[in-house]
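These notes concern the structure reproduced below.
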Amino acid sequence: MTKAADRAARVRVARADPAREEPDGPRLRAWHAVVTASMAEDAPGTAPVDPERFHALLTGGATAVWTATRAGQVVGLAVLRPPSTTATGRAYVHVHPVHRRRGVGDELVAALAAEARARGLRGAVAAVPVGGTGDAFCLRRGLTRVRTLHHLLLSLRELHPGWLDEMVAVEHPGYRLVRAARIAPPGRAGAVPGDVLLTVAAEHGRKVVGCTEVVVPGGDGPRATQHDRPPAGDHHGLGLDLWVKATMLRLLYDRYPQVIEVATDSPGDDAELLAVNRHLGFWLHHRTNEYRLDVGSGRESWPAS
C-alpha cells in the first residue's frame, strides 16, 4: 500500500445532517471546534461564530456537509453551498491544524466534487488565506486563482458621528439615497433567519447604481458585516461609494448602538474601493485568495484550509 493510500485508509468521510443535531449537542460542538481551530491557525484574531449561529448556517438552504474522522475523532469538515444565480457553488474545507498534510483534505474534497457534479454544477469556489497551507495546496495542483480579497475591520465607535455627517451631507446632483431594513429570509447567503439586513442604495432616476448591505446578526450582534456593490460605468468615480458607505455607518451608529465593529472585504484590484475603506478607517486584518475548481468527470482535489 502506498503512503497516500495508507493515509486515506485511516480517514473516514461521511455525509452529515446538521438538521438532526442540536446546537449544543456533542457532534455540533466537535464540528465547531474543528472550524474554530482551523480559523485560529489561518486567520488569527478572526472571531468564530457561536455554536447556535454555526448550526443555523449549516442548516440553511440546500447546504451539503461532510465530516472527516480518524479513530473516532472529528478532524475535518467540508461544506458545499449551492449557487443562487450561477452554476458555481461555494466550498469550505476546514481541517484541524494537527491533522493537516495527512490526506484529510483530499478525502473531503473528493466528496465535495462528487456532490457538485451530481448537482450539475460547473464547479465551486473556495477562499484560502494567502500564504497558508490551502494556498500552497492550490498552487501545487494548478487551480485557477480568481481573485484576492482584502478582509478589513472597522472600530465603529472610534468614528466621530459629526465626521460621518459631513460626508453624508455632500450633494450629488441627480442622485438620491434610499434606505431599507428587513429580516433575513431562510437560505439567504451569509445570514440566518432573524438577522437584520440593512441596505443603503444610490439611485439615478429609478435605477440603483451602487449600494451597500450590512448584516446585523440577530439584530443585536456586536459585529456587523458589510457587502458593497460599488458604482460602475458612468457613475464610477463620482464619490458615490463614499457617500453610500458613510450613510450606512451613520445608520449603524444611530440605530444599532451595540454594533462596535464592522467587517467587510474588498477585491485586491479595486484600488478605489480600498481607498474609500481606508479613508473611513477600515484596516487590513488578513487576505484570502479565491480559487476555482472546474468539476470534471474524474476525481478532483480541493484546498484544505
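The values are calculated or read from the model by the stated rules, or taken from the named source; none is laboratory data. Just so it is clear, the model here is predicted, and its values are computed rather than measured. Cβ placement follows ideal geometry from the backbone for every residue including glycine, while neighbour counts extend to all protein chains displayed. For the accessible areas, the whole protein counts, side chains as well, though only heavy atoms, and no ligand, DNA or RNA atoms are used. Shrake-Rupley method; radii C 1.70, N 1.55, O 1.52, S 1.80 Å.
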Fill in: Lone qualifier among 123, 132, 142 - being under 28 Å from residue 81 (Cα atoms) and more than 21 Å from the chain's Cα centre (by Cα)
142
Item to complete: Just give me the residues in segment 246-296 being without any contact (Cβ under 8 Å) to a residue 40 or more places away in the chain and among the basic types (Lys, Arg), in sequence order.
Response: 255, 278
Item to complete: Check residue 195 against each of (1) loosely packed, with under 12 Cβ neighbours inside 10 Å; (2) of a type in the set (Asp, Glu); (3) in contact with a Gly (Cβ under 8 Å, 6 or more places away or on another chain) and name the one condition it does not meet.
Response: (1)
Discussion item. Filter segment 8-39 down to the residues that are in contact (Cβ under 8 Å) with a residue 12 or more places away in the chain, hydrophobic (A, V, I, L, M, F, W, C) and part of a helix (DSSP H, G or I) and list them by number.
Written reply: 8, 19, 28, 30, 31, 33, 34, 35, 37, 39
Worksheet item: Under 9 Å by Cβ, and 6 or more places apart or on different chains, what pairs join a residue from segment 70-98 that is of a type in the set (A, V, I, L, M, F, W, C) and at pLDDT below 90 with one that is open to solvent by less than 40 Å² (accessible area, probe 1.4 Å) and in a strand (DSSP E or B)?
Response: 87/123
Item to complete: May I ask you to list the residues in segment 68-84 that are surrounded by 21 or more Cβ atoms within 10 Å (Cβ to Cβ) and farther than 25 Å from residue 216 by Cα?
Response: 68, 75, 76, 77, 78
Worksheet item: Can you pull out the residues in segment 23-43 that are over 16 Å from the mean Cα position of the chain (by Cα) and surrounded by fewer than 19 Cβ atoms within 10 Å (Cβ to Cβ)?
Response: 23, 24, 25, 26, 27, 29, 30, 33, 37, 41
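Okay, residues lined up against (1) assigned to a loop (DSSP other than H, G, I, E, B); (2) at pLDDT below 95:
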site	(1), (2)
211	no, yes
221	yes, yes
237	yes, yes
244	no, no
264	no, no
269	yes, yes
293	no, yes
296	yes, yes
300	yes, yes
Worksheet entry | One residue from 293, 242 being crowded, with 17+ Cβ neighbours inside 10 Å, within 19 Å of the chain's Cα centre (by Cα) and over 22 Å from residue 45 (Cβ atoms) | 293
Worksheet item: Conditions: (1) farther than 29 Å from residue 102 by Cβ; (2) open to solvent by 60 Å² or more (accessible area, probe 1.4 Å). Residue 141 meets all but one. Number of the miss?
Response: (1)
Worksheet item: Applying the selection to segment 44-55, what residues are open to solvent by less than 50 Å² (accessible area, probe 1.4 Å) and outside any helix (DSSP H, G or I)?
Response: 46
